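A.B. asks: Structure below; questions to follow.
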Amino acid sequence: AQSVTQPDIHITVSEGASLELRCNYSYGATPYLFWYVQSPGQGLQLLLKYFSGDTLVQGIKGFEAEFKRSQSSFNLRKPSVHWSDAAEYFCAVGAVNTGFQKLVFGTGTRLLVSP
Amino acid sequence: DAGVTQSPTHLIKTRGQHVTLRCSPISGHKSVSWYQQVLGQGPQFIFQYYEKEERGRGNFPDRFSARQFPNYSSELNVNALLLGDSALYLCASSLSADQNQETQYFGPGTRLLVL
């Protein structure tokens, strides 16, 4: 079964500094990978997704992620963090060979932005 | 265009009661999925419905049921509520039922508190 690990529960970054959130997945074939963001009390907003092709994926709000098959990773990056980026970030993998849609999420990383 | 909408936004119930949560997908979307997000965890898949039929079910007891209506809106029902059912219930819609190649768009969720 697919699984996702987000090793960092909390990360604090200074405003203007760069950001990298880690995500490792467990799946044998090429996975469908997603990053979602959740602001307090809100639902999930899709930042970006990877299905195939170019391993560097651009998303909304200046985020990007790089798929590295050799490391089973799909880390999220942003060159300069804004205070409004403070939120919880979830990495997810699409479960395949089930006959239906199902996202398997990691436990999330809470991003705190310091002034 | 309106996104995924869910009602109610908040709900308080007592143990043993039942609850009905509602979801309206994005216009034109025929697939609705339900996820449970317990505090501090990532969302967990409960159901997917497509064209009014259940396509998939996660590891949840039979107390959880759902249905989809001809207008593609959906209801999630939970019977005999337990304290552990307290969570944010998220609804997601997508255009079709293609396995995870379709992006799922999430609503703001219904926060259920069981006392």
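A.B. asks: Filter the stretch A:98-113 for residues that are more than 8 Å from chain B (Cβ to nearest Cβ) and either free of Cβ contacts under 8 Å to residues at least 60 places away in the same chain or crowded, with 19+ Cβ neighbours inside 10 Å (or both); which is farthest from B:Ile46 (Cα to Cα)?
C.D. replies: Looking at the filtered set, the residue picked out is A:Val113.
A.B. asks: Right, B:Arg55: more than 16 Å from B:Pro108 (Cα to Cα) and either under 14 Å from the mean Cα position of the chain (by Cα) or touching a residue at least 40 places away in the same chain (Cβ under 8 Å) (or both) or not?
C.D. replies: Yes.
A.B. asks: Here's another thing I want to ask about it. Only one of these conditions is not met by B:Asn79: (1) of a type in the set (S, T, N, Q); (2) more than 13 Å from the chain's Cα centre (by Cα); (3) within 14 Å of chain A (Cβ to nearest Cβ). Which number is it?
C.D. replies: For B:Asn79, the exception is condition (3).
A.B. asks: Also, I was wondering about something else. Going through the stretch B:64-78 one residue at a time, which ones are assigned to a strand (DSSP E or B) and touching a residue at least 24 places away in the same chain (Cβ under 8 Å)?
C.D. replies: Answer for the stretch B:64-78, where residues must be assigned to a strand (DSSP E or B) and touching a residue at least 24 places away in the same chain (Cβ under 8 Å): B:Ala66, B:Gln68, B:Ser74, B:Glu75, B:Leu76, B:Asn77, B:Val78.
A.B. asks: I would also like to ask the following. Being in contact with a helix residue (DSSP H, G or I) (Cβ under 6 Å, 6 or more places away or on another chain) and more than 14 Å from chain A (Cβ to nearest Cβ): is that true of B:Val114 here?
C.D. replies: The answer is yes for B:Val114.
A.B. asks: Same structure again: Can you find, within the stretch B:9-36, the residue that is farthest from B:Glu102 (Cα to Cα) among those that are within 14 Å of chain A (Cβ to nearest Cβ) and in a loop (DSSP other than H, G, I, E, B)? Give the derivation first.
C.D. replies: Within the stretch B:9-36, the subset within 14 Å of chain A (Cβ to nearest Cβ) is B:9-10, B:21, B:23-26, B:29-36.
Still in the list and also in a loop (DSSP other than H, G, I, E, B): B:9, B:25-26, B:29-30.
On the way: B:Thr9: 26, B:Pro25: 14, B:Ile26: 13, B:His29: 10, B:Lys30: 11 Å.
By that ranking, first place goes to B:Thr9.
A.B. asks: Within the group B:Leu39, B:Leu81, B:Leu88, which residue is crowded, with 18+ Cβ neighbours inside 10 Å, out of contact with any Asp or Glu (no Cβ under 7 Å at 6 or more places or on another chain) and not in a strand (DSSP E or B)?
C.D. replies: B:Leu81
A.B. asks: Would you mention how many residues in the stretch A:35-92 are without any contact (Cβ under 8 Å) to a residue 60 or more places away in the chain, over 27 Å from B:Ser33 (Cβ atoms) and in contact with a strand residue (DSSP E or B) (Cβ under 7 Å, 6 or more places away or on another chain)?
C.D. replies: So the count comes out to 6.
A.B. asks: For the stretch A:25-79, which strands (runs of 3 or more DSSP E) that fit wholly inside it have 2 or more residues that are more than 14 Å from chain B (Cβ to nearest Cβ), farther than 20 Å from B:Ser93 by Cβ and not aromatic (Phe, Trp, Tyr)?
C.D. replies: By residue number, A:56-58, A:64-68, A:73-78.
A.B. asks: A follow-up question, please. Do we find that A:Val4 is β-branched (Val, Ile, Thr) and closer than 20 Å to B:Gly40 by Cβ in this structure?
C.D. replies: yes
No value in this document is a laboratory result; all are computed from the given coordinates. Worth saying up front: this structure is predicted, and the values here are computed from it rather than measured. Cβ: placed from backbone, ideal geometry, glycine included. Neighbour counts: every protein chain shown.
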